[in-house]
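The values are calculated or read from the model by the stated rules, or taken from the named source; none is laboratory data. The model shown is predicted, which means the values in this text are computed figures rather than measured ones. Heads up, the Cβs are rebuilt from the backbone with ideal geometry, glycines too, and the neighbour counts pull from every protein chain shown.
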Amino acid sequence: MERYSAYKDSGVDWTGEIPVEWETTRLKWLGLLQKGSGIKREDILNEGKPCVRYGELYTTYDHEIKKVVSNISPELYEIQPKLCNGEVLMALTGETKEDIGRSTVNRTGSDIAFGGDTLAIKNPTCDGRFLSFAINSEYFNQQRTQGAKGDIIVHLSTQWIANCQLVIPPLHEQKVIADYLDEKTGTIDAAVRDIERSIELLNEYRQSVISEAVTKGLDPTVPIKDSGIDWIGQIPAHWELLPMKRRANFLPGYAFKSEDFNQTDGIRLLRGVNVSVGAIRWEDNVYVNSYAVNGLEEYRLSRGDILVGLDRPWIQAGMRVAQVDDESDGSYLVQRVAKVIPDEHQLSSTFLIYLFHTNIFAEAMDSTTTGVSVPHISTGQLGEVTIPCPPISEQQAISDALKKRTESINSLIQQKQSLLVRLREYRASLISECVTGKVKVPGVEE
């Protein structure tokens, strides 16, 4: 696309130059900032007055709200702060520093009550759609990330976010840019939804293949018996059914002192934030000096160790269980993450990993997890989960068969996930280029 005819230095990190007619400002100067409050999970009704909770900014809404999905009673609605049409709402709480501060603009045409852990930009002096795109852009995200605090749950302070800087074009340009981004991101988002749905179907198919094998075995002609557990169903008659603690031990992580942490070098600690579904993620690193691990050799991780995140153990993609890889080898285990140590003579690590890919653990613990906003499980609860346990030789045969059966499914999922990454990167790049004036969108006149 075409560029503007003249630029100047923005004075904002990660932004560079901006068109000469654009201005640099701070969020607090663009409107009245108002924090949300209240609205618990139990307050949500099928019918009533419209509301939005902070979690929905991550799961339901992108840069705009066109139709609400949650409602509260008229009595509660009356005493809640309201987000008027065209006003912007930010999440002050999230799961990762990279996602914290997601924003959306109210385009429903009516007022919406908003709950706690959110911040509204009331009566904005700029176009709400443009502001939402700008807050969700990469240069603003860099500022948000710097102010984020916490590990399992990440928070932003109002004071920090209020002083974050934005670059703002004249109002008529804001509207043109917002119109352009509405159209372009809408097309990209539709493609993303289609790919996400196909990945979801592939994951469901993979889970059904795994569940069938680890609960029914490979030979459909063997005698069967009723397990007495709804989510396991019938199993081969010669299999055992027992609590996992009889086939595995558990090691909760060590409570390292946070004052010993640093962000740059030393011995790396593996925390809950690093445990994803089927993989260890190192976007967020914490280190300690060698003296901090003296006498703690049992917490040193080795390739192949099985780890379970005990806080928020289930996310949309599945259970937060992963095996230690080469990159993670030698790191140390931190509290709220547990190492599962199977008795390899009776329970194969590979077979256990496949068990974790079923719904057995989620179903067994659905009524036992503690905590409201952040479910928690303990190693004691984990050990009590009943699992089907075939003879060790049969476990190996099932694992070998599943490796072959799931390879093609995994390959398809990886291809689609790669495409998703490229589409999202293009979407983020397009927004950043437009809201920082690196390109002049069609319809803008200087």
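Between T125, T187, the distinction of being among the polar types (S, T, N, Q) and either surrounded by 15 or more Cβ atoms within 10 Å (Cβ to Cβ) or not assigned by TED's automatic domain parsing to the domain that holds K403 (or both) belongs to T125 only.
Only one of the numbered conditions (1) farther than 22 Å from H63 by Cα; (2) in contact with a helix residue (DSSP H, G or I) (Cβ under 7 Å, 6 or more places away or on another chain); (3) not aromatic (F, W, Y) is violated by K403, and that is (2). The residues listed here are T370, T350; of these, the one that is over 20 Å from G94 (Cβ atoms), touching a Ser or Thr at 6+ places or on another chain (Cβ under 9 Å) and modelled with pLDDT under 95 is T370. Can you spot a residue in the stretch 53-72 that is polar (S, T, N, Q), part of a loop (DSSP other than H, G, I, E, B) and touching a Gly at 6+ places or on another chain (Cβ under 9 Å)? No, because not a single residue in the stretch 53-72 is polar (S, T, N, Q), part of a loop (DSSP other than H, G, I, E, B) and touching a Gly at 6+ places or on another chain (Cβ under 9 Å).
Would you check if there is a residue in the stretch 25-38 being of a type outside the set (A, V, I, L, M, F, W, C) and over 23 Å from T125 (Cα atoms)? Yes, the conditions are met somewhere in the stretch 25-38.
Conditions tested, residue by residue: (1) hydrophobic (A, V, I, L, M, F, W, C); (2) modelled with pLDDT of 95 or more.
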site: P388; (1), (2): no, yes
site: S393; (1), (2): no, yes
site: I398; (1), (2): yes, yes
site: K403; (1), (2): no, yes
site: S411; (1), (2): no, yes
site: R422; (1), (2): no, yes
site: Y426; (1), (2): no, yes
site: G443; (1), (2): no, no
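The single residue among E183, E196 that is in contact (Cβ under 8 Å) with a residue 12 or more places away in the chain, in a helix (DSSP H, G or I), of a type in the set (D, E, K, R) and under 30 Å from W14 (Cβ atoms) turns out to be E196.
Listed by first and then second residue, the pairs with beta-carbon distance under 8 Å, at least 6 apart or on different chains, first residue in the stretch 221-237 and exposed (fewer than 10 other Cβ atoms within 10 Å of the Cβ), second at pLDDT below 95, are D230/E363. Exactly one residue out of L131, L156 is in contact with a strand residue (DSSP E or B) (Cβ under 9 Å, 6 or more places away or on another chain), over 28 Å from P375 (Cα atoms), touching a residue at least 60 places away in the same chain (Cβ under 8 Å) and assigned by TED's automatic domain parsing to the domain that holds N85: that is L131.
Among the residues of the stretch 15-54, those identified as surrounded by 15 or more Cβ atoms within 10 Å (Cβ to Cβ), hydrophobic (A, V, I, L, M, F, W, C) and under 32 Å from the mean Cα position of the chain (by Cα) are L27, L30, L33, I39, I44, C51, V52.
Can you tell me which residue in the stretch 28-68 is modelled with the lowest pLDDT, limited to those that are closer than 23 Å to C164 by Cα and of a type in the set (A, V, I, L, M)? So, considering only residues that are closer than 23 Å to C164 by Cα and of a type in the set (A, V, I, L, M), the one modelled with the lowest pLDDT is L57. Checking each residue in the stretch 113-133 for being over 25 Å from the mean Cα position of the chain (by Cα) and assigned to a strand (DSSP E or B) picks out only K122.
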